[in-house]
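**Student:** Before anything else, here's the structure in question.
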Amino acid sequence: MKKLKFFVSLLFLFGLLAGCVSQNSATSNKSANNGQASETKNDANGKLKIAVVPKLVGIPYFNAAEKGALQAGKDLGVDVIYTGPTEADAAQQVKIIEDLISQKVDVIAVAPNDPASLTPVLKKAKEQGIKVIDWDTPADQSIVELSIHQIDDEIYGRHIAKTLIEKIGTDKGEIAILTGGLSAANLNAWIDAAKKELEENYPGIKLVTDKIATDEKQQVAYQKTLDLIKSYPNLKGIMAFSTPAPLGAAQAIQEKGLQNKITVVGTALPKDSKPFLEDQSLDVAILWEPNKLGYLTVALAKDLVEGKKPQDGQNIDNVGKIEVKEDGKTVIMGPPTDFTAENAGNYDF
Amino acid sequence: MKIALSKENILGLIALALFVVMTIIAPGFLSAENINNMMFQLPEFGLLALGMMVVIITGGIDLSITYTAALSGVSIAMMQSHGYPMMISILVGILIGLACGFMNGFIVTRIGVSPILVTLGTMILFEGVILSITKGNSISGFSDWYNLIGNGYYLGLIPLSMIIFIFFAVVTSVLLGKTYWGRCVYMIGSNSVASLFSGINTSRVILKVYLYASFLAAISAIIMTSRYNTAKVDLGSSYLLQSVAAAVLGGTEIQGGYGKVVGTVYAVMIFQILSNGLNLLEVPRTIVNVIMGAILIAVLVINFAKTKLGNKDRMQVTS
Amino acid sequence: MKSIMKKEASIAVIIIILSIVLSFINPVFLTIDNILDILKGNVVLGILAMGMTLVIITGGIDVSVAAVTTAVCVVIGKLLVMVPDHIGALFLLLVIACLLGIILGGINGFLVSKIEIPAIVVTLGTMSMINGIVLYVTNGQYLNSTDFPKVFLKFSNIKILGVSILIWLFFLIAILTWFLLKHTVMGREILAIGGNKESALRVGINFNKVQIFVFAYMGFLAGIAAIAQISYTKAVDPNGLSGLELSVIAAVVLGGTNIMGGRGTVIGTILGVLLLGIIQNGLILARIDIFWQKVVVGLIILLAVSYDHIQYKRAQAQLSRIEIDS
């Protein structure tokens, strides 16, 4: 009997809840809008506050971007808050953005870990009068006012595939793909583009297995590459996506002395990959310059608040010419940079 | 008698003190939006911590709790994106969560493997299952109604998810404190052999414990998927060790036998206030972790000092 | 006494079955090259598992191992860039690494024994603090081998009888731990405390001393593991070891050490490490679909622990039957 009563009251409670919820999120929106009016006044006496949120903090790639973003803040006279989760976790990132909204920043530029998960919180930011843009990885395009891409995903993926074939020297043979994590959207986009390039233009190339996850760790990439070499003795080339993966792959090649047999091409930072580039265990590292991406994000965010839209071919100081797609909000920083043994020493990231 | 403060009361005071300190030093901490923020952020983590607490009271641990949540979240998302009605998909999601809990409970009780090993295995297993279902992609496509669960307000004041959390906190507290099952949970935690010999069906009780933990994980998954509008393999994965930390900070004995809902709720609040307040102060995230760790140890040192002092008093009285 | 070795035997059986299956699927598995690769790849895990075995035998646990190892790695990495290219510097670094590890482990031990905080809580706290500090100081900056002294690189490439020095290092640590556990007073005390704390205390064993010792030993091994890790990857990655603590604990417990304390052997732990290493290695060699790999790993672990336990139960049942018969 007791149990029954308990469940009845439980059901009743849920019924009560379900009845009252929908209408009320609307009223709260209204109250949020009221708050907005007073906020804009607050901003008048201070500098612009631009929040740049990376996927996570504490990895070299996003550190380089941070340097660029902070430099831009100094150059352009705006306050830059660069903060992100310590793990690439969507839930943590949402919390950080919520806290930024409480801080009443003017712009939030975010590199989403999981685009869909940010949609509600970015909507909320917009309702509060905060400008929302994305960088590094696209967010929900119906919400952001600007979408800053380091690169055109399609071109990038194809470029990596093409470079690999070029370096192998023949368009017949077996290759493998390493990736940072199976669920990383941008890595998946590049891999898909690379695969398309191979299918369309190099039918003689055979992919031995599906992309292999390396948990964003060099050591795992190293071990998996060793296993790959053993499993597929005819392997000619490896494409490694995510910044630690090419290093691990190259290390395995280096140790087994297979520099001339297996070609490795990947997305690594020049400073980290220099020792591997020098002894040819890594053939080419292909990436963009993340510090410029950080700089560009802050520069365009500032322009956006001031009402200036980016123009195709516009020259941004310290970054270079940018490309703007037809929709007027997708900005592409430029073509990828190839880092090789010759030029890798010239960069400090 | 002067030192009548229980562990839980001390925690409550610490939470309150932190709240006051943050109000003073963190700009915008006390604003209505920020308070709402915190109320939206707390439930998903709180529910997982409660689930973890119940398991820890029996002397076990559930390492698979976040992947249980992720698996039921993913199944809800799959169902909805394929056009099934919301209620049915939620029900299926909860059932799948319960199935995960049953698997843990079954192996722990019937085969007798230690919980940490079982849940370590199922953790990897569930992660693998999600990966093979989703291929690593995130799944979205929820109805607007569903999005209200994690984002809507109840009576325009309190986030609905907060109500759900309070409701389950009360339920957990009643279940543990007022029912036969609850008393058995504590007894098994303090001495499982003795409880078996005193006629308690320990394996049934423990099985239910894992079922209940996975149920709370599934509820947390509903809130998370609704709030983040997506489900993915790493849904809430960063909560795993945090939920253990919250349970133990809340006074739960890691060897089992003791633990109160109030304590865990206070602990969750402490984490929430710290994380939010330090963010507002623009403290780097890495330092936030350092402070959280320091608080965890500091609170336990205080508890230790307090019991030491209490013992001394008692010694003096007797001598 | 027989039933004690049974645990190790059942893991050995699982390893043998797995190996046979794998070598049928892919003959490469059974080549010496591959086996050496597996061993070398799991040296860090193995060294840490040795220390963890002692910690778990006393009824404790240490989830901060990966963090401590990373911290030592980072400090040594910074020093490596500075030291002269001389063999003496190498020894100095080894000593520093061990000392640093012992200090960090000692802090854990102090909090666990003197302040009586449960080990999992202490180490959760120190893990979060150490990780935070490491990330704050290094900003995740990765160090590669360009600036490392030549002598260090030479050290990591040394091979004795065709086997990498790292593998020898692991065996050395294993023998040391085995000796410690079997043939020293401290070792007997560790086992005694895990077996029955009350009676151990009554016989006059200093519980605090033993606990501080096991955590300090754990730290000491973390220091050595840090050197092994740097030699293995020839780089320092502040994020590279995250999550390793769970593998270490898994290896130890798979190897038959009782998580509640009291029982555990070095051989068992070595087998546990091997099992994990072979599973990882086999996934690609067996050409298992990438998305199903984790399912396979989870199932193997569950099967292994269940099989082990069912064996144990059967043995127990047999024992009681014999008692009734006689």
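**Student:** Determine if region C:221-241 includes at least one residue that is within 14 Å of chain B (Cβ to nearest Cβ) and within 20 Å of C:Phe110 (Cα to Cα).
**Tutor:** To start, the set of residues in region C:221-241 that are within 14 Å of chain B (Cβ to nearest Cβ) comprises C:238-239.
Adding the requirement that they be within 20 Å of C:Phe110 (Cα to Cα) leaves none.
Checked against the condition, which is being within 14 Å of chain B (Cβ to nearest Cβ) and within 20 Å of C:Phe110 (Cα to Cα), region C:221-241 yields no hits at all.
**Student:** Among the candidates A:Ile155, A:Ile108, A:Ile143, A:Ile130, which residue alone is buried (at least 24 other Cβ atoms within 10 Å of the Cβ), modelled with pLDDT of 85 or more and more than 11 Å from every other protein chain (Cβ to nearest Cβ)? Give the derivation first.
**Tutor:** Numbers: A:Ile155 fails: buried (at least 24 other Cβ atoms within 10 Å of the Cβ); A:Ile143 fails: buried (at least 24 other Cβ atoms within 10 Å of the Cβ); A:Ile130 fails: buried (at least 24 other Cβ atoms within 10 Å of the Cβ).
Only one candidate passes the filter, namely A:Ile108.
**Student:** May I pose another question? Taking A:Asp171, is it more than 14 Å from every other protein chain (Cβ to nearest Cβ) and over 24 Å from A:Ile316 (Cα atoms)?
**Tutor:** In short, yes.
**Student:** State which residue is surrounded by the fewest Cβ atoms within 10 Å (Cβ to Cβ) when the search covers only region B:137-176 and only residues that are closer than 21 Å to B:Gly73 by Cβ and polar (S, T, N, Q).
**Tutor:** The residue in question is B:Ser143.
**Student:** Looking at region B:50-91 only, could you name the residues that are in a loop (DSSP other than H, G, I, E, B) and among the aliphatic types (A, V, I, L, M)? Outline the logic, then answer.
**Tutor:** From region B:50-91, those in a loop (DSSP other than H, G, I, E, B) are B:58-64, B:82-85; that's our starting set.
If the condition is that a residue be in a loop (DSSP other than H, G, I, E, B) and among the aliphatic types (A, V, I, L, M), then B:Ile61, B:Leu63 are the ones that fit.
**Student:** Continuing with this model, one more query. Consider A:Ala245 carefully, then state whether it is touching a strand residue (DSSP E or B) at 6+ places or on another chain (Cβ under 6 Å) and either at positive phi or in a helix (DSSP H, G or I) (or both). So that I can check it myself, show each step before the final result.
**Tutor:** On the way: touching a strand residue (DSSP E or B) at 6+ places or on another chain (Cβ under 6 Å): yes; either at positive phi or in a helix (DSSP H, G or I) (or both): yes.
Spelling it out, A:Ala245 is indeed touching a strand residue (DSSP E or B) at 6+ places or on another chain (Cβ under 6 Å) and either at positive phi or in a helix (DSSP H, G or I) (or both).
**Student:** Look at A:Thr179 and say whether it is touching a strand residue (DSSP E or B) at 6+ places or on another chain (Cβ under 9 Å), modelled with pLDDT under 90 and not assigned by TED's automatic domain parsing to the domain that holds A:Asp114. Before you say what the answer is, go through the steps one by one.
**Tutor:** Details: touching a strand residue (DSSP E or B) at 6+ places or on another chain (Cβ under 9 Å): yes; modelled with pLDDT under 90: no; not assigned by TED's automatic domain parsing to the domain that holds A:Asp114: yes.
No: the conditions fail for A:Thr179.
**Student:** So, in region B:221-270, of the ones that are buried (at least 24 other Cβ atoms within 10 Å of the Cβ) and among the polar types (S, T, N, Q), which residue ends up nearest to the chain's Cα centre (by Cα)?
**Tutor:** Here the answer is B:Ser243.
**Student:** Given the criteria facing another protein chain (nearest Cβ under 9 Å) and touching a strand residue (DSSP E or B) at 6+ places or on another chain (Cβ under 8 Å), does B:Phe40 qualify?
**Tutor:** Here the answer is yes, as B:Phe40 does meet what is asked.
**Student:** Take region B:243-276 and flag every residue that is facing another protein chain (nearest Cβ under 9 Å) and assigned to a helix (DSSP H, G or I). Give the steps one after another, and end with the answer.
**Tutor:** Our first condition is that a residue be facing another protein chain (nearest Cβ under 9 Å); within region B:243-276, this holds for B:244-245, B:248-249, B:253-255, B:275-276.
If the condition is that a residue be facing another protein chain (nearest Cβ under 9 Å) and assigned to a helix (DSSP H, G or I), then B:Val244, B:Ala245, B:Val248, B:Leu249, B:Ser275, B:Asn276 are the ones that fit.
**Student:** Follow-up question, since we're still on this one. Taking the criterion of being outside any loop (DSSP other than H, G, I, E, B), within 14 Å of the chain's Cα centre (by Cα) and not assigned by TED's automatic domain parsing to the domain that holds A:Asn234, would at least one residue in region A:120-132 satisfy it? So that I can check it myself, show each step before the final result.
**Tutor:** Residues of region A:120-132 outside any loop (DSSP other than H, G, I, E, B): A:120-127, A:131-132.
If we keep only those that are within 14 Å of the chain's Cα centre (by Cα) as well, we get none.
No, because not a single residue in region A:120-132 is outside any loop (DSSP other than H, G, I, E, B), within 14 Å of the chain's Cα centre (by Cα) and not assigned by TED's automatic domain parsing to the domain that holds A:Asn234.
**Student:** So which residues in region B:93-122 are more than 10 Å from chain C (Cβ to nearest Cβ) and either in contact with a His (Cβ under 9 Å, 6 or more places away or on another chain) or in a loop (DSSP other than H, G, I, E, B) (or both), if there are any at all?
**Tutor:** Of everything in region B:93-122, nothing turns out to be more than 10 Å from chain C (Cβ to nearest Cβ) and either in contact with a His (Cβ under 9 Å, 6 or more places away or on another chain) or in a loop (DSSP other than H, G, I, E, B) (or both).
**Student:** When you look at B:Leu125, is it facing chain C (nearest Cβ under 7 Å), at pLDDT 90 or above, touching a Leu at 6+ places or on another chain (Cβ under 7 Å) and buried (at least 22 other Cβ atoms within 10 Å of the Cβ), yes or no?
**Tutor:** Yes: the conditions hold for B:Leu125.
**Student:** What number goes with the only condition from (1) within 11 Å of chain B (Cβ to nearest Cβ); (2) surrounded by fewer than 23 Cβ atoms within 10 Å (Cβ to Cβ); (3) assigned to a helix (DSSP H, G or I) that C:Val252 does not pass?
**Tutor:** Status for C:Val252: all satisfied but (2).
**Student:** Does any residue in region A:268-284 that is under 16 Å from A:Met239 (Cα atoms) and away from every other protein chain (no Cβ under 11 Å) come within less than 6 Å, Cβ to Cβ, of a residue that is buried (at least 24 other Cβ atoms within 10 Å of the Cβ) and not β-branched (Val, Ile, Thr) six or more places away or on a different chain, and which pairs are these?
**Tutor:** If the second residue must be buried (at least 24 other Cβ atoms within 10 Å of the Cβ) and not β-branched (Val, Ile, Thr), the pairs left are A:Ser281/A:Ala250; A:Leu282/A:Pro246; A:Leu282/A:Ala250; A:Leu282/A:Ser273; A:Leu282/A:Phe276.
**Student:** May I ask you to say which residue of B:Ala17, B:Ala26 is small (Gly, Ala, Ser) and either within 28 Å of B:Ile222 (Cα to Cα) or more than 14 Å from chain A (Cβ to nearest Cβ) (or both)? Full working, then the answer.
**Tutor:** On the way: B:Ala26 fails: either within 28 Å of B:Ile222 (Cα to Cα) or more than 14 Å from chain A (Cβ to nearest Cβ) (or both).
Only one candidate passes the filter, namely B:Ala17.
**Student:** Anything in region C:241-263 that is at pLDDT 85 or above and either on the phi > 0 side of the Ramachandran plot or of a type in the set (S, T, N, Q) (or both)? List them, or say none.
**Tutor:** Once the filter is applied, which keeps residues that are at pLDDT 85 or above and either on the phi > 0 side of the Ramachandran plot or of a type in the set (S, T, N, Q) (or both), region C:241-263 yields only C:Ser247.
**Student:** Here is a follow-up. Working only within region A:285-309, note down all residues that are part of a loop (DSSP other than H, G, I, E, B) and crowded, with 21+ Cβ neighbours inside 10 Å.
**Tutor:** Answer for region A:285-309, where residues must be part of a loop (DSSP other than H, G, I, E, B) and crowded, with 21+ Cβ neighbours inside 10 Å: just A:Glu289.
**Student:** Could you count how many residues in region A:77-100 are in a helix (DSSP H, G or I) and either surrounded by fewer than 22 Cβ atoms within 10 Å (Cβ to Cβ) or facing chain B (nearest Cβ under 7 Å) (or both)?
**Tutor:** 8
**Student:** Residues being touching a strand residue (DSSP E or B) at 6+ places or on another chain (Cβ under 6 Å) and over 18 Å from A:Glu174 (Cβ atoms): count how many of those fall in region A:250-287.
**Tutor:** Residues flagged as touching a strand residue (DSSP E or B) at 6+ places or on another chain (Cβ under 6 Å) and over 18 Å from A:Glu174 (Cβ atoms) within region A:250-287 amount to 11.
Residue-wise test of (1) of a type in the set (A, V, I, L, M, F, W, C); (2) in contact with a Ser or Thr (Cβ under 8 Å, 6 or more places away or on another chain); (3) on the phi > 0 side of the Ramachandran plot.
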{"residue": "B:Phe168", "(1), (2), (3)": "yes, no, no"}
{"residue": "B:Val171", "(1), (2), (3)": "yes, no, no"}
{"residue": "B:Leu175", "(1), (2), (3)": "yes, no, no"}
{"residue": "B:Tyr180", "(1), (2), (3)": "no, no, no"}
{"residue": "B:Ile188", "(1), (2), (3)": "yes, yes, no"}
{"residue": "B:Thr202", "(1), (2), (3)": "no, yes, no"}
{"residue": "B:Ile219", "(1), (2), (3)": "yes, no, no"}
{"residue": "B:Tyr228", "(1), (2), (3)": "no, yes, no"}
{"residue": "B:Val233", "(1), (2), (3)": "yes, yes, no"}
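**Student:** If you don't mind, another one. Kindly provide the set of residues from region A:45-59 that are among the small types (Gly, Ala, Ser), crowded, with 20+ Cβ neighbours inside 10 Å and more than 9 Å from chain C (Cβ to nearest Cβ), ordered by number.
**Tutor:** Residue satisfying the conditions is A:Ala51 alone.
**Student:** Something else about it: Please determine, by comparing only the residues of region C:122-162 that are under 20 Å from the mean Cα position of the chain (by Cα) and among the β-branched types (Val, Ile, Thr), which one is nearest to C:Leu274 (Cα to Cα).
**Tutor:** Among those that are under 20 Å from the mean Cα position of the chain (by Cα) and among the β-branched types (Val, Ile, Thr), it is C:Thr123.
**Student:** Looking at B:Gly182 and the list (1) crowded, with 19+ Cβ neighbours inside 10 Å; (2) within 14 Å of chain A (Cβ to nearest Cβ); (3) small (Gly, Ala, Ser), which single condition is not satisfied?
**Tutor:** Result: B:Gly182 fails condition (1) only.
**Student:** Further, regarding this structure: Taking region B:213-242 only, how many residues are away from chain A (no Cβ under 13 Å) and closer than 17 Å to B:Ile116 by Cα?
**Tutor:** Looking only at that region, the number is 2.
The values are calculated or read from the model by the stated rules, or taken from the named source; none is laboratory data. Keep in mind that what you see is a predicted model, and the values were worked out from it rather than measured. For neighbour counting, all protein chains shown are included, and Cβ atoms are generated from backbone atoms with ideal geometry for every residue, glycine included.
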